1. Over segment B:216-326, what lengths in whole Å, largest first, do the semi-axes of the equivalent ellipsoid take, defined as the square roots of 5 times the eigenvalues of the alpha-carbon gyration tensor?
2. Would you work out if segment B:403-471 is rounded, prolate or oblate? Take a ≥ b ≥ c from the square roots of the eigenvalues of the alpha-carbon gyration tensor; rounded if a/c is under 1.5, else prolate when a/b is larger than b/c, oblate otherwise.
3. In Å³ and rounded to a whole number, note down the convex hull volume per residue for the Cα atoms of the protein assembly as shown.
4. Taking the Cα centre as origin and putting +1 on Lys and Arg beta-carbons and -1 on Asp and Glu beta-carbons, what dipole magnitude results for the protein assembly as shown, to the nearest 20 debye?
5. Have a look at B:Ala304, B:Leu250, B:Ile240 and report the one farthest towards the positive end of the charge dipole of segment B:222-305, computed about the Cα centre with Cβ charges (Lys/Arg +1, Asp/Glu -1).
6. What's the Cα-based Rg to Rh of chain B, Rh via Kirkwood?
7. Just report the Cα centroid separation between segment A:199-213 and segment A:73-117, whole Å.
8. In whole Hz, with x marking every Gly and Pro, tabulate ³J(HN,Hα) for segment B:236-243 from phi via Karplus 6.51 cos²θ - 1.76 cosθ + 1.60, θ = phi - 60°.
Amino acid sequence: MDRLSQLENLSIHLLREAYANFNNLCMLWSIGKDSTVLLWLARKAFYGHIPFPMVHIDTHYKIPEMIEYRDRLAAQWKLPMVYGENSDVLESGMTFPEGKVDRITCCSKLKAEALKYTLNGEWTRYRFNHNKGDYEVDNDREMFTGVIVGVRADEEGSRSKERYFSPRDKENNWDVGDQPPEFWNQYKTDFAPGTHVRIHPLLDWTELNIWEYIQRENIPTVSLYYDQGTGKRYRSLGCAPCTNPVESTAKNVEEIIEELKTGKFANIAERSGRAQDNEDGGGLETLRRDGYM
Amino acid sequence: MNIRSQMTIVITGHVDHGKSTVIGRMLADTGSLPEGKLDKVRRDCERNSKPFEYAFLLDALKDEQSQGITIDSARVFFSSKERDYIIMDAPGHIEFLKNMVTGAARAEAAFLVIDAAEGVQENSRRHGYILSMLGIRQLCVVVNKMDLVDYSKKVYQQVVRRYSKFLKNLEIEGVSFVPVSGREGDNIAQPSDKMDWWTGDTVLSLLDKFRKEATLEKLPFRMSVQDVYKFTQQDDSRRIIAGTIDTGTLHRGDELILYPSGKKCQVKQIESFIDTPPLSAEAGEATGFTMEDQIYAKRGDVLARVGEIQPSVASVLRVNLFWLGRKPLEQGKEYILKLGTDRVKVQLFDTLRVIDASNLNTDTMKKMVERHDVADCVLSTQRAVAFDRVDVQPTTSRFVIVDDHEIVGGGIIREAIKDTLTEDRDKAMELNRQWQIGNIPLSEKARRYSNKAHLLVISSHSGNKKDLLGKALERRLYDRQCQVFYLGYHPEEVGSDFGDSRRRKKNTAHQREELVHRMAEAARLVLLMGGIFILAANDLTRQELDVISLVVATKKITSCWLGNKELCDFAADIYMSEDVQVEDLVKKIEKELTNKDIFNS
């Protein structure tokens, strides 16, 4: 079995373990390439069906193409699509783009906090109504006890220590110093009330694996990843004000794979275009402890 | 597409013996570090006025650096000319043994680092022992810090001798040794010029010599059922048995046996998402298939193929385990056993010996298995489970134990021990394997009849009231259009009264056993037909009820006890007084069956 198939099979196994063990399960979909690969794997695992909600945390500062693509696929693939947001902060304008707070604070409000209260059901969720083709308030406010997330171990330091099944306490905190053992396909599927488990089926994938798989499976991706003639493309997607494209003329999946293989980016972090990571020494790590993906 | 092969390696060893330094050095010497990383770490060290160490390169997290020890198995991606590697840096501190286990269990081969100056230490042995239990068969021992012992051949050979002696007891083949200095870079990526007595490998060249593990697809077929899918949206009517193949290869049309029940089924089609359905699927594939037959399968069942070595089924297991829990493993306490996808309550039945992993001394007196102990024990599960003995198929012999939401131990099953139900279980499995039954699913039968298949057991200490009750109940259910059948057992002669199991003589005990088994088989037929079977006998014991439930192979059983509760040996669903009118008893049972949704309204 080749490497991609090995990765694919392990991911499907993990998705099925999650589905068998958690009654209130959801999958986070950031619209990026990784979680879109994850969505594709879920369709494979459950034979074309997605038996849990796809949750997107909308900061309303996302690059417009991303939202367009999200809703197009949601309709086309009949996805149980849900989004959540931090409406208080958005209304009051206490955000970085408005010049009121720094990047890290903005991220922790619009993403980490919105995520926390969307997952535990305290804040309003919006669900895509396939008949109307639009979102409406979701009456289901139950807490998600299992959350599937598309993080990869090779993205940066703190993610290299993640488990496939990683517990979070009531405050969404990740105790990196005391993680559960995980061996022989046995994972942490038992959890105390009020806590939840993050499930990471893509942990062993690399950036190159993701693109190779997108090519092999012909998975639709957002156009922002490709050079549209400006000599630039996005390597990692986020909010428009804090995400910068990289210098690259890769116009399609094949060219991106070629580019990655040449080692052009070997010494540059994948998330280097994400400004919040560089705020202080451990920007992303601090965010992650607080529940950021 | 040219995709490089990949291998996962773990680095283990005693705390401070220099695992992280060896990896850090390897990354630096092979140019595998991100640009500027080495300089940044050097600058950080200068700023904090501490000497630079290669180990710092790996310590990606803040709290870890401050403690100066690896607390978790950090993954490092690294490529040689041969292939890509994921290197897991496992912590050597005993507190973090569970993290070491996590890292090591994913690996195909292991490095174990021993400090030449300190020699073989507690965790050098403990890690070696656990690596062998985890099933790691390729090991390379890295004798580090040779610079501290003046690159002495004698010191090196002494470590090799000591550790080889220890390894002899473990089932690890292909052990190699190499003398290195992580700090100075000797024999890491480049051969050392300070040890002219060494002409062997470097760590890097040994890495490339590890073989990919022998393939699992050639072994007998095993698949742990992960789930049974029936997604009805978009008119999908498939009922798919899903799971990842543990060993062997699955083909369309294969005749399979489902364990622990022993029921047979045939693969109709291996399912797929958008590709054409494949003709086969092999070990490691997360697959799923539809069946020709409508037999009941559930998560936790184990599938094997007809004609191959079959798995064992038992409820008393002789195991080797390592314990990670803060609280010791104790007798009389209930834990959860997870084996494949199965999950069952388990208790420690006996501790045969506790091995102090640090020196492999055994303590046969000690009955408690404490944190970080390795032990040889007997476990008893609440019901029978399907598995393989470790010498038959290691993959399906592995289990973990869960306590208070946490995985607290792991182990391998060495053998199945006979229990009181073994014979009945074997008989029932034989029936299941050999009987051929039709394809009409029970759910379809239930739609035609007014009831679902169910077994009702009535027992009392004496008297014939249960007989009257059984017959009255049969009449009542029959009038409700149910498929129902009553069978009571009434002892023939006074004197050979084997209706009273507590006073029965030895020669009649066997007769009673035989009779219970036969009644259960009769019940099984009626249940397979979709009917309600009412079985009545005096003084049924818990053991006999277990036998009955084994033979009928269903959990759809309601048990009633008539009379003094004190005399009842089993946990009945309904207790009834003998003074109540038969009609009222009938109503009571009818109500219970209604609650259990037995009747189609």
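The values are calculated or read from the model by the stated rules, or taken from the named source; none is laboratory data. Quick caveat: nothing in here was measured; it's all calculated off a predicted structure. Glycine gets a Cβ as well: all are built from the backbone with ideal geometry, and neighbour counts include every protein chain shown. All accessible areas refer to the heavy atoms of the entire protein, side chains included, with ligands and DNA or RNA removed. Shrake-Rupley method; radii C 1.70, N 1.55, O 1.52, S 1.80 Å.
1. 26, 16, 15
2. Details: a/c = 1.87, a/b = 1.47, b/c = 1.28.
Note, shape of segment B:403-471 comes out prolate.
3. Per residue, the Cα convex hull of the protein assembly as shown comes to 188 Å³.
4. 1460
5. B:Ala304
6. Details: Rg = 30.9 Å, Rh = 28.3 Å.
Taking Rh as the inverse mean 1/r over Cα pairs, Rg/Rh reads 1.09.
7. The distance from the Cα centre of segment A:199-213 to that of segment A:73-117 comes to 25 Å.
8. Result, ordered by residue: 8, 10, 5, 10, 10, 7, 10, x Hz.
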